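First the structure, in the form of structure tokens, and then the observations on it.
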Amino acid sequence: MSQKKLQDNELVKIKAAHKLSFKNAEVIKASNLCGCFHCMEIYDPAIITALDYKTEADGACTVFCPKCGIDAVISCSNACDSLSTKFLTEMNQYYFGF
Ligand SMILES: [Zn+2]
């Protein structure tokens, strides 16, 4: 099993973006574009419906991907300045190890 060694700055971006996949409903709804690092689709957050949210214990909502049903949705705002298939692939390899 060989995994590409990530640069430190890439790892920082990946970890920062990963935080955006949890309790992220407000951030995702306010963004123009979001992507899923499980199925690696990039799409308009407008397709996310109320059925795709899960309410956490503290009342904040986490988005589940409408394409694959996994809570791996991030937006292109804040820490993740480069939402791209390449970036989602790096996150996918780091967190899912495919
Ligand atoms: Zn997905």
> Relative to the present Cα-Cα distance, how much length would full extension add between Y43 and D58 at 0.36 nm per residue of separation?
Replying inline: 2.6 nm
> What is the helix-to-structure angle for 8-19, meaning the angle in degrees between its Cα long axis and the longest Cα principal axis of the chain, kept from 0 to 90 and rounded to the nearest 10?
Replying inline: 20 degrees
> Tilt of helix 85-95 relative to the longest C-alpha principal axis of the chain, in degrees (0 to 90, nearest 10)?
Replying inline: 80 degrees
> Size of the dipole of region 8-95 about the Cα centre, Lys and Arg at +1 and Asp and Glu at -1 on the beta carbon, nothing else charged, in debye to 20?
Replying inline: 20 debye
> Cα-based count: Lys pairs in the chain below 19 Å, eight or more positions apart or different chains?
Replying inline: 19
>> Taking R0 as 22 Å, what FRET efficiency do you get between E10 and T85 from their Cβ-Cβ distance, rounded to the nearest 0.05?
In response: 0.90
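Can you bin the chain into rounded, prolate or oblate? Criterion: square roots of the alpha carbon gyration tensor eigenvalues sorted a ≥ b ≥ c, rounded for a/c under 1.5, prolate for a/b above b/c, oblate for the rest.
The shape class here is prolate.
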> Between F96 and D71, what length in nm is gained on full extension when 0.36 nm per residue of separation is reduced by their alpha carbon distance?
Replying inline: 7.8 nm
> Ranked highest first by the average count of other Cβ atoms within 10 Å around their residues, in what order do 58-68, 5-15 fall?
Replying inline: 58-68, 5-15
> Taking only DSSP H segments of four or more residues, each worth -39500 (n - 2.57), what value at 222 nm results for the chain once the sum is divided by all its residues, to the nearest 500 deg cm²/dmol?
Replying inline: -8500 deg cm²/dmol
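Computed from the coordinates by the stated procedures, all read-outs in this text should not be read as laboratory data. Keep in mind the model is a prediction, meaning the values are calculated, not measured. Positions of Cβ are backbone-derived with ideal geometry, glycine not excepted, and every protein chain shown enters the neighbour counts.
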